[in-house]
Structures are given as structure tokens and as C-alpha cells.
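Chemist: Structure below; questions to follow.
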Amino acid sequence: MEIDTCRLTGVDLSGTRLTRAMVTNTVIERSNLSNLRAMNSSLIRVAVTTNRMTGVAWTNGRLRDVIFRDCRLDLTRFRSTTAANVLFEGCNLKQADFQDADLRGATFEDCDLTGAQFSGAKMDGARLLDCVLVGVNGVTSMAGAGVAGRDMVALAYSLAGALGITVLDEE
């Protein structure tokens, strides 16, 4: 499937299965993409805004020049996906799975990443700004990423756990 230079508004693609799909120069807004499964597929120059995308699996894919804004992306999987110049802004990414993803060109801004998985991800140069980082997994893969100082307190507990440090409560 190829989609080029379209505006998709209010569409229901929930449960759709795609292989080697290519979506370019497109806006997808106020739509339901829940449980969509895409293998070896690409989004290039795409704006994805205010969509329900719970449980999306975008595996072994490519994202380039993509904006995800105000989307519900909880329980999504972007395993082994390359994200070049990608912005996640104001998104619910609770328990999202970025295992083995190349996130070197990604920015997460004002996102809830509670319980997200980053094991094996490449994150050198990725930016996390004003994000909820409670219970993030795979924090040792975040080497080279930029994290806002105000977000470090929550991330410190995950870092301590990954390093085998026990945090003691003061008595």
C-alpha cells in the first residue's frame, strides 16, 4: 500500500495489517489506528495528530520527518524501527516499546513515558524534555541522550536499579 499527499481525517484503521507500506507527505488526524500492525513500513514527512493509537506495532520500520502530536500511543511497539528527525509531542507513551530502535534523531517533548522500554535502543543525540520517566526500562541504552534536568529525579530511580544500587529511605 502507498499513500502520498493525502489528508486522512476521522478514519478507522484499527486492527489493519500492513507490510512494506509507504506513507509520504500526509496528515493523519483525529483517527483510530489502534492495534494497527505494520512490518517493514515507512512514514516519511507525515504529521500524526490527535489520534488513538493504543497497541500500534510499527516493527522494523522507518520514520523520517514525522510529528506525533497529542496522540494516545500507550502500549505501542516501535521495535527495530529507525526514527530520523521524529518529534513525539504531548503523547501518552505509557509502556511503549522502543527495543532495538534507532532513536538518534528523535525528540520526546511533554510525553508520558511511564514504564517505556528502551533496551538495546540507540539514543545518542535523542532529546527527552519535560517527560514523565517513571519506571523506564533499558536506561543504560540511553547513553548519549539529552534529558531535561527537571526530569532526572524520576529517571534516577531507574538508573539506580539498573546499576544495582539500592535506594534507602531516610529514617
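Chemist: Using a 1.4 angstrom probe on the protein heavy atoms only, line up 39, 123, 22 by accessible area, largest first. Working shown, then result.
Modeler: Numbers: 39 85, 123 5, 22 60 Å².
Order by accessible area, largest first: 39, 22, 123.
Chemist: Rolling a 1.4 angstrom probe over the protein heavy atoms, how many square angstrom per residue are accessible across the stretch 30-142? Let's see the in-between values first.
Modeler: Details: 4340 Å² over 113 residues.
Here the per-residue accessible area is 38 Å².
Chemist: OK, next. Taking H placed 1.01 Å from N in the peptide plane, check which residues at least 5 places from residue 18 or on another chain put their amide H under 5 Å from its amide H.
Modeler: 37, 38, 39
Chemist: Taking 35 Å as R0, compute the FRET efficiency from the Cβ-Cβ separation of residue 156 and residue 19 and round it to 0.05. All intermediate terms of the calculation are to be shown ahead of the outcome.
Modeler: Numbers: r = 41 Å, r/R0 = 1.17.
About 0.30, to the nearest 0.05.
Chemist: Can you tell me which of 153, 139, 27 moves the most in a GNM of the chain? Springs connect C-alpha atoms under 10 Å apart.
Modeler: Among 153, 139, 27, the largest mean-square fluctuation in the Gaussian network model of the chain belongs to 153.
Chemist: How far is helix 152-162 tilted, in degrees, relative to the longest principal axis of the Cα atoms in the chain, given as a value from 0 to 90 rounded to the nearest 10?
Modeler: The angle comes out near 80 degrees.
Chemist: Which of the three applies to the stretch 5-65, rounded, prolate or oblate, going by the alpha-carbon gyration tensor with a ≥ b ≥ c and a/c under 1.5 meaning rounded?
Modeler: Values: a/c = 1.77, a/b = 1.06, b/c = 1.67.
It comes out oblate by the Cα gyration axes.
Chemist: Quick one: pull the percent of accessible area on the stretch 96-171 belonging to carbon and sulfur, 1.4 Å probe, ligands and nucleic acids left out.
Modeler: After summing per-atom areas, the C and S share lands at 50 percent.
The values are calculated or read from the model by the stated rules, or taken from the named source; none is laboratory data. On a predicted model such as this, the values are computed, not experimentally measured, just so you know. Every residue, glycine among them, receives a Cβ derived from its backbone with ideal geometry; neighbour counts consider all protein chains shown. Calculation scope for accessible area: heavy atoms of the full protein, side chains included, ligands and nucleic acids excluded. Shrake-Rupley method; radii C 1.70, N 1.55, O 1.52, S 1.80 Å.
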